[in-house]
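Worksheet for the structure shown next.
The values are calculated or read from the model by the stated rules, or taken from the named source; none is laboratory data. The shown structure was predicted, so the numbers you read here are calculated from the model rather than taken from an experiment. Methodologically, a virtual Cβ is constructed for each residue, glycine included, from the backbone with ideal geometry; neighbour enumeration extends over all protein chains shown.
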Amino acid sequence: MTTDLADNDVQEPAVPPSPVTDHGPSGLVRAHLVIASVFLVVATLLLAAASIELAVPGAYSGIVLFSYGRLVPIATAALLYGWLTIGLIGAIYYILPRLTSGPLRHEGAALVALILVTVGVATGMASIYLGASEGRAYQEMPLWSDVLLLAGFVLVAWVATATVAHRRDRLGPAEWYLVAATWWLVLISVVGTLPGVGGYAGEIQSSFYRAGLTGLWFAAAGVGVVYYLIPRLAGADPIQPSAVSVLGFWSLAFVWAATGPRDLIYGAGPDWLETLGVAASIALVVPVAVIVTDFVLEMRGRWLQIPDRVTLRFLVAGGAMLAIVPLADIVATTRTSSAIVQFTGWVAANDALMFLGAVSMWLFAFAYHVLGTGASPAREQVATWHYRYTMVGLGLVLVSVWLGAALAGFTWASGANSGLFVDTGAGFFNTAARLKPYLGVAAIGMAVYALAQGLFVVGAFSPVARSGPELPAVDAEPIDLEIEGGVATVRWGQLRWGAVSLFLIVGTMMWFLPSLDPAIASSTILADESRIYPAGSAEARGRAVYLREGCAVCHTQEVRAVVPDVGLGPVSVAGDYVHEDPIQRGYRRLGPDLMHLGSREGSNSYEFLFAHLADPRVERPWSFMPAYSYLSDADLDALAVYLTSLK
Amino acid sequence: MEELIQRIAASTGVPADMVDRSAQARAQALGVPVEQVLAQWAGEEVPTAQAAPPAAPAPAPAEAPPAPAPAAISKDELIAKAAEAKGMPASLVERSAGARAKKEGIAVEAVLAEWAGIELPAAGVAPAGPAPAPAEAAAPGPVAPTEAPVEVIEPAEAPAAEAEAPAPEPKKASRYPALLAALFVIIPVFAVVYIAAVPNGPACGSAGQLAIDPVTGEAVGCDGNPYGQGTVDNFTAGEMLFAESCAICHGNAGEGGVGPGMAGGAVLQTFPEGSCSSHVEWVTLGSAGWPDPTYGATSKPVAGGMPPFGGQLTDQQIAQVVLYERVAFGGEDLATAETDCGLVEAAG
């Protein structure tokens, strides 16, 4: 708290200042928002194109960019690293100086970081398009892009830390989350950038990376933004540090990355690790409950303001979505329900809830808040329609994908009983035909969502507002979130060491210890020798094509000991994967599992596969696989050879 | 507050509701209480920061040195007055006031003021007294810049809530619902219990888990047979057949009804272990087709109500329903019953 409140305002009682939200952002913050928005538009358009491809198979036959396996990783990179990450970094640059009553330190470094991250994401997307995919979910971008991003993130962490560093202690919840998130982003990115471990241990590493990125970066930074915004938007008193918010922070830190192994339920990894992932997913309820409770308490008595303020609408919608996240995740986590919904679209819908939903909603609120939507009624109107279309689009996507996932899961689970699943063709015919309407609704929803983002660009950046009433120049309004009190105070040093050591503990547990597990450690003895692909062999080239085309986006290579997988061949063990790096386990079955494709009657011949890849709908009219007619004959040949070798 | 608004409205000519609205917007943008903004517009000294936030667990008087607060009665003065009124040493007064304030969840100053018999300027507005450190909110003047921003304990932002919402509950504990505390206990306990209960995943047959054939490596039923065949299926099929054809007379849980009860081992008294074939024969023929006047090991008289199922169900189905009855109601071992009823071969 400084004195400028009195200095600026006391003298002008006659003209109460216009009810603008806040003074404008710096050029740096604005640049972040502009670049992030460009990525948002690109990402949502590509996602819409991908959804349409599922609903209208062969819609873009033969166009490389629109081949589903490339499209989805490119769109994901744009959404996660372009839109959300750059947007959140901009928010951090905006918020931290205001909370700590100091300037943003090292603005030059911040600018360099922005360039590094932007170039990193853009080259990463281009590389995937050009066929340099690394073939790990969320980590498809090649090494050089990862390195650029990591360098940028290090600078971001440095800037954020230096900005709050003069505050030796008593940081408030918003700063805890925002500063710790920048460090975690660096640490997580190191995990993601390190050349992967081979075999199943690499899959464990990947799952840890995904969960860490989701929780320790997107959720943590997003929550920091929310903790800053709610009091200002709702007109409530700032969220006070308390024993409860301390608990919320540390439980989020400890629990979220540890939920990673739930992706691997029923997989070839150690069972204890999966159990730990399930327990962490259950425990995730705690930090989310704290955050949502804080949210509700701040809003108490102010709910009626929501319809009047588009910023509040976005903020509250995002909060509601965050509240659903752990519940939706638990369905994908407990072994009983996981046996049904694993490899369906359930997890994709949960990701949409988190990324297109909660965190995006908060960023929208932030962007409108700092760009001063309220300054112009026309702009507020546009923003309101943006909100409506975004919610309708997202609602359609979520409901259709969740319902479709449940339908597919139960179809697979019952397919084994009825003998349908043994012939995967028939099993998937069954699923594919029944999923059609759901995929159609999802495509419509995603298209609506993508088009709504055009309104966002207009609403947030249109010149209408800049020509609107001049925003009063008010100095940075430091607002302190601290109160005095034993447990409520988090000392700077505690935060620093706690946040980093906690990450290392969780990381060791999730990532390093599993590779010592006998099941993984002894896997070389039980290794599947048929999966050694000598360099230069047709199989090795075919595997490279498999990675490049993103086949793992739609096909798994893992057979689990559960009912839906009966008839798919031997259950996968760690030894099956030991010679591969990265393994192509996959995470979603939009097409059949390919683990033992070469042993499968009816679809294991080279001729069938070659023709099927070139045009899937000749043999199987119900297929929604893209046609790989754009591949050279040599590539198709290698791919078919590789697939027949999967025994 | 109304009074303030009216005064500003009168002096500026701006309608009162607009003053109110813009003040709230201003307060929100600045993150300060509405009253503070209004007071400044009205050109008056801000009364001691009204409505302290829900007090911290310990208002920590030691760490909150009373900053110069020209407008309000400082805490030291309050302590002195209270000590005088109570006839106690000042340090003791301070300490006990702190304890009382903590217990009642109100500000120390409110307690002190009560003891000293003083009306606090803002006491009527909010249940809580001045914030733990009413320094700057009460002092529009410059604040010791040397100490800021590290050391100065900021006045916690007072809630701007009184205007539209009822005063927040003064007790800190009540900010969070008790349910949350329960959650903090239940969830971790549940997670730990879960880890302890199934460290290595569910047993075969639960949560969708299947067994793995050691030779082929394929997922198989828990009995080692290909999934969908073998005992699991026989038992389940028997259960469904029983519900369909038998439960109406013998009860859903075999408790009996028109027909005799089977539960609790009764069925095995009539058809003991090793006599599955008699059991099957009885179900197949029914009482009308039964050649003898009595049936079963206990020589029960043939009562006449049992219909013959030979024409309705196949031999295997009858064997399955018998298997179900013997295992579910008689408590016979599944594998034994299966062998006895000849279902192992039937499953191939």
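Enumerate the pairs (first residue in the stretch A:632-647 and crowded, with 23+ Cβ neighbours inside 10 Å; second residue anywhere and of a type in the set (D, E, K, R)) with beta-carbon separation below 6 Å, excluding pairs fewer than 6 apart on the same chain, so at least 6 apart or on different chains.
Final answer for the pair search is A:Tyr642/A:Glu539; A:Tyr642/A:Arg543.
Would you point out the residue of the stretch A:420-447, among those that are surrounded by fewer than 20 Cβ atoms within 10 Å (Cβ to Cβ) and modelled with pLDDT of 85 or more, that is nearest to A:Gly569 (Cα to Cα)?
Looking at the filtered set, the residue picked out is A:Lys436.
In the stretch B:319-329, what residues are small (Gly, Ala, Ser) and surrounded by 23 or more Cβ atoms within 10 Å (Cβ to Cβ)?
B:Ala319
How do the helices (runs of 4 or more DSSP H) wholly within the stretch A:332-376 filter down when requiring 1 or more residues that are within 14 Å of another protein chain (Cβ to nearest Cβ) and out of contact with any His (no Cβ under 7 Å at 6 or more places or on another chain): which remain?
Those helices (runs of 4 or more DSSP H) span A:335-341, A:360-371.
In the stretch A:128-145, which residues are crowded, with 21+ Cβ neighbours inside 10 Å and either of a type in the set (Gly, Ala, Ser) or within 18 Å of A:Ala181 (Cα to Cα) (or both)?
Answer for the stretch A:128-145, where residues must be crowded, with 21+ Cβ neighbours inside 10 Å and either of a type in the set (Gly, Ala, Ser) or within 18 Å of A:Ala181 (Cα to Cα) (or both): A:Ser133, A:Gly135, A:Ala137, A:Ser145.
Give me the residue from the stretch A:251-283 that is facing another protein chain (nearest Cβ under 9 Å) and in a loop (DSSP other than H, G, I, E, B) and, out of that set, farthest from the chain's Cα centre (by Cα).
Filtering the stretch A:251-283 for residues that are facing another protein chain (nearest Cβ under 9 Å) and in a loop (DSSP other than H, G, I, E, B), the one farthest from the chain's Cα centre (by Cα) comes out as A:Pro270.
Which of the residues belonging to the stretch B:239-271 are in a helix (DSSP H, G or I), of a type in the set (Val, Ile, Thr) and out of contact with any strand residue (DSSP E or B) (no Cβ under 9 Å at 6 or more places or on another chain)?
B:Ile248, B:Val267 - these are the residues of the stretch B:239-271 that are in a helix (DSSP H, G or I), of a type in the set (Val, Ile, Thr) and out of contact with any strand residue (DSSP E or B) (no Cβ under 9 Å at 6 or more places or on another chain).
Quick check on B:Ala219: is it closer than 30 Å to A:Ser281 by Cα, at pLDDT 75 or above, within 7 Å of chain A (Cβ to nearest Cβ) and not in a helix (DSSP H, G or I)?
Considered against the rule, which asks whether it is closer than 30 Å to A:Ser281 by Cα, at pLDDT 75 or above, within 7 Å of chain A (Cβ to nearest Cβ) and not in a helix (DSSP H, G or I), B:Ala219 comes out as yes.
Only one of (1) without any contact (Cβ under 8 Å) to a residue 60 or more places away in the chain; (2) within 14 Å of chain B (Cβ to nearest Cβ) is not met by A:Ser572, so which one is it?
(1)
Determine if the stretch A:106-123 includes at least one residue that is touching a Ser or Thr at 6+ places or on another chain (Cβ under 6 Å), closer than 24 Å to A:Gly212 by Cβ, surrounded by 23 or more Cβ atoms within 10 Å (Cβ to Cβ) and at pLDDT 95 or above.
The answer is yes; a qualifying residue exists.
Which of the numbered conditions does A:Ala627 fail, given that it passes all the others? Conditions: (1) at pLDDT 85 or above; (2) within 19 Å of A:Glu539 (Cβ to Cβ).
With respect to (1) at pLDDT 85 or above; (2) within 19 Å of A:Glu539 (Cβ to Cβ), A:Ala627 is out only on (2).
Among residues belonging to the stretch B:275-294 that are aliphatic (A, V, I, L, M) and without any contact (Cβ under 8 Å) to a residue 40 or more places away in the chain, point out the one that is nearest to B:Thr236 (Cα to Cα).
It comes out as B:Val283.
Pick from B:Trp282, B:Trp290: which is surrounded by fewer than 19 Cβ atoms within 10 Å (Cβ to Cβ), of a type in the set (Phe, Trp, Tyr) and modelled with pLDDT of 85 or more?
That would be B:Trp290, the only listed residue that is surrounded by fewer than 19 Cβ atoms within 10 Å (Cβ to Cβ), of a type in the set (Phe, Trp, Tyr) and modelled with pLDDT of 85 or more.
Looking at B:Gly305, is it assigned to a helix (DSSP H, G or I) and out of contact with any Lys or Arg (no Cβ under 8 Å at 6 or more places or on another chain)?
Judged against the criteria, B:Gly305 is not a match.
Going residue by residue through the stretch A:229-236, is there one that turns out to be small (Gly, Ala, Ser) and either more than 11 Å from every other protein chain (Cβ to nearest Cβ) or free of Cβ contacts under 8 Å to residues at least 60 places away in the same chain (or both)?
No, there is no match, as no residue in the stretch A:229-236 is small (Gly, Ala, Ser) and either more than 11 Å from every other protein chain (Cβ to nearest Cβ) or free of Cβ contacts under 8 Å to residues at least 60 places away in the same chain (or both).
Tell me, please, whether a residue that is at the interface with chain A (Cβ under 7 Å from one of its Cβ atoms), under 30 Å from A:Ser599 (Cβ atoms), outside any helix (DSSP H, G or I) and in contact with a Cys (Cβ under 7 Å, 6 or more places away or on another chain) can be found in the stretch B:193-210.
yes
Could you tell me whether any residue of the stretch A:624-633 is under 24 Å from A:Ala348 (Cα atoms), touching a His at 6+ places or on another chain (Cβ under 6 Å) and either among the small types (Gly, Ala, Ser) or in the same structural domain as A:Asp271 (by TED's automatic domain parsing) (or both)?
no
Could you tell me whether A:Ala614 is more than 11 Å from chain B (Cβ to nearest Cβ) and surrounded by fewer than 19 Cβ atoms within 10 Å (Cβ to Cβ)?
Yes: the conditions hold for A:Ala614.
Name the one entry in B:Ala335, B:Ala297, B:Ala303, B:Ala263 that is under 18 Å from B:Met240 (Cα atoms) and of a type outside the set (D, E, K, R).
B:Ala263
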